[in-house]
């Protein structure tokens with residue numbers, strides 16, 4: 001079976017050009033998504049098309065960008081099709097995995113996606129190493145201990161300090177202080193004030 005898939009990003013765009021091209025390729029069933037961006041994960045038409053593909057079937061699209069959200073996502077989809085014994089054909093780019101030239105181009109795209117992933121990983125590690133060298137704290141902001149939470153409450157209640165100032169004194173983010181004081185309030189059964197002083201405009 002030859003299955004076609006077409007997609008346009010807005011309701012105003014027309015699917016006719018893609019559908020006509022897919023019919024010219026002999027597609028027996030055509031599934032569509034209209035008004036759905038390529039970056040959207042939820043694409044009912046694509047899900048239906050993929051569900052129809054048995055070993056030996058072929059999936060046809062008008063262009064590669066109609067199928068994948070990104071190069072890595074596209075490669076993941078094509079890898080899955082290959083494992084299932086499903087062929088793939090992109091009309092505009094002349095990619096057909098049922099022939100040697102199409103398979104070669106597919107492997108090139110796979111290598112390109114792997115290279116992109118390696119670059120991202122390398123940049124992430126380099127950025128973390130540079131931040132560590134500068135003495136920056138990595139990961140989520142640390143939580144306040146019970147003693148620090150009580151201290152924060154005293155700063156706010158007795159000394160009328162604003163939350164940003166309290167956070168600065170304790171070396172944490174303002175929201176960390178807010179969460180700690182909220183926990184204290186819950187533990188005290190609501191006896192602590194609900195609204196705590198904060199700086200104007202913060």
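Descriptive notes on the structure:
- Exposure proxy order (Cβ contacts within 10 Å, fewest to most) of 58, 63, 132: 132, 63, 58
- The slack in the chain from residue 130 to residue 79, taken as 0.36 nm per residue of separation less the alpha-carbon distance, amounts to 14.8 nm.
- Exposure proxy ranking, count of Cβ atoms within 10 Å, fewest first, for 89, 107, 173: 107, 173, 89
- Cα gyration tensor shape of the stretch 1-45, rounded if a/c is under 1.5, else prolate or oblate by comparing a/b with b/c: oblate
- Dimensionless Rg over Rh [the stretch 2-113; C-alpha; Kirkwood]: 0.93
A short reminder: the numbers here are calculations on the coordinates, not readings from a lab. Predicted model, so just to flag it, every value in this text is computed and none were measured. FYI the Cβ positions are ideal-geometry reconstructions off the backbone, even for glycines, and counts take in every protein chain you see.
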